[in-house]
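The values are calculated or read from the model by the stated rules, or taken from the named source; none is laboratory data. Values in this document were obtained by computation on a predicted structure and should not be read as measured data. Reconstructed Cβ throughout: ideal geometry from the backbone, glycine too, with neighbour counts over all protein chains shown.
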């Protein structure tokens with residue numbers, strides 16, 4: 001038998017969760033500030049590089065003028081070869097050759113500085129986006145912290161049974177830690193690996209440019225651009241999974257379309273979506289709830305059902321929203337399913353909060369179908 005806990009113990013659990021959220025906010029803030037510092041340093045470096053480019057251009061232009069004068073003098077010497085002494089001819093040839101060598105070196109230095117300048121400018125664009133995203137995430141985490149501090153302490157007063165409070169708190173912590181592990185794995189396997197590869201490629205480009213052929217270095221840089229683009233796409237996918245911005249901007253149906261398309265691409269699974277009804281937007285609480293329910297059901301089919309195909313049916317009218325998610329996976333025996341399965345329990349509780357109906361039909365080897373009906377009030 002689980003030992004009951006009192007309201008004070010539950011408040012301690014909530015306080016611990018608030019501390020974790022606050023520490024996450026501090027870490028996000030530190031990462032954002034580090035990006036700002038790098039941005040500041042790169043901005044100074046960019047100004048210096050631009051100055052050096054201008055100086056090299058001016059220096060090259062002056063050398064080009066002087067080199068043109070000596071080329072004309074060399075042409076005159078060649079035309080009237082007999083009237084000049086051997087010393088004069090040698091001097092003109094050597095001076096012209098030296099000026100041409102200097103001009104070539106200056107133009108090469110100018111080109112290298114231009115490449116450096118362009119790289120810094122691209123890096124600053126990426127940092128600008130990282131700073132903006134980081135600032136937005138800090139704000140969102142602050143909102144979550146306030147929610148935990150205010151609303152969850154009110155929940156503590158409403159929940160009378162200490163046993164229920166303990167179970168509820170532990171479920172929240174487990175869900176939070178599982179989500180943190182998932183995000184950590186995605187970042188480690190995706191953007192972190194890509195950024196490490198980009199650093200290696202930077203070293204290769206530098207060595208290639210200084211030791212071998214410039215064309216080969218350019219090809220390496222083009223490969224780096226593709227890797228940076230892939231890394232950015234992966235980060236955007238992770239952010240999208242946390243909270244799709246299209247849900248607020250475009251509404252429920254476009255967001256579901258995009259989400260299912262992303263799952264198809266990343267999980268190599270066939271998903272069909274059938275839509276019925278002409279209502280474009282619902283209240284925010286319904287759109288968020290329905291999206292999360294479909295997301296949870298699809299993820300269950302992908303992770304646990306070993307499905308090859310998923311069929312999602314969505315019907316919206318003025319009275320209700322009806323959803324069914326059917327997969328051709330392995331199914332399960334409901335009588336043997338753990339009663340405290342957090343994923344299904346969370347879905348059922350979310351539907352019941354909206355006075356809806358939640359039904360699961362499944363048999364071993366015959367797939368699973370989730371039916372959801374939510375009345376619109």
Can you find, within segment 248-274, the residue that is modelled with the lowest pLDDT among those that are surrounded by 13 or more Cβ atoms within 10 Å (Cβ to Cβ) and more than 17 Å from residue 297 (Cα to Cα)? 250
Can you find a residue that is under 30 Å from residue 225 (Cα atoms) and at pLDDT 80 or above anywhere in segment 61-74? no
Set 84, 119: member being surrounded by 15 or more Cβ atoms within 10 Å (Cβ to Cβ) and farther than 21 Å from residue 210 by Cα: 84
Of (1) over 18 Å from residue 369 (Cα atoms); (2) surrounded by fewer than 14 Cβ atoms within 10 Å (Cβ to Cβ); (3) without any contact (Cβ under 8 Å) to a residue 24 or more places away in the chain, residue 303 satisfies all except one. Which? (1)
Do we find that residue 56 is surrounded by 12 or more Cβ atoms within 10 Å (Cβ to Cβ) and either over 48 Å from the mean Cα position of the chain (by Cα) or not in a helix (DSSP H, G or I) (or both) in this structure? no
Residues that are part of a helix (DSSP H, G or I), assigned by TED's automatic domain parsing to the domain that holds residue 275, in contact with a helix residue (DSSP H, G or I) (Cβ under 7 Å, 6 or more places away or on another chain) and closer than 25 Å to residue 261 by Cβ: does segment 307-315 have at least one? no
Select from segment 344-377 the residues that are surrounded by 15 or more Cβ atoms within 10 Å (Cβ to Cβ) and free of Cβ contacts under 8 Å to residues at least 12 places away in the same chain and list them in ascending order. 348
Give the number of residues within segment 38-53 that are over 27 Å from the mean Cα position of the chain (by Cα) and over 11 Å from residue 120 (Cβ atoms). 3
Odd one out for residue 353, checked against (1) touching a strand residue (DSSP E or B) at 6+ places or on another chain (Cβ under 8 Å); (2) more than 23 Å from residue 258 (Cα to Cα): (1)
Quick one: in segment 244-303, which of the residues that are part of a loop (DSSP other than H, G, I, E, B) and within 30 Å of residue 364 (Cα to Cα) is nearest to the chain's Cα centre (by Cα)? 268
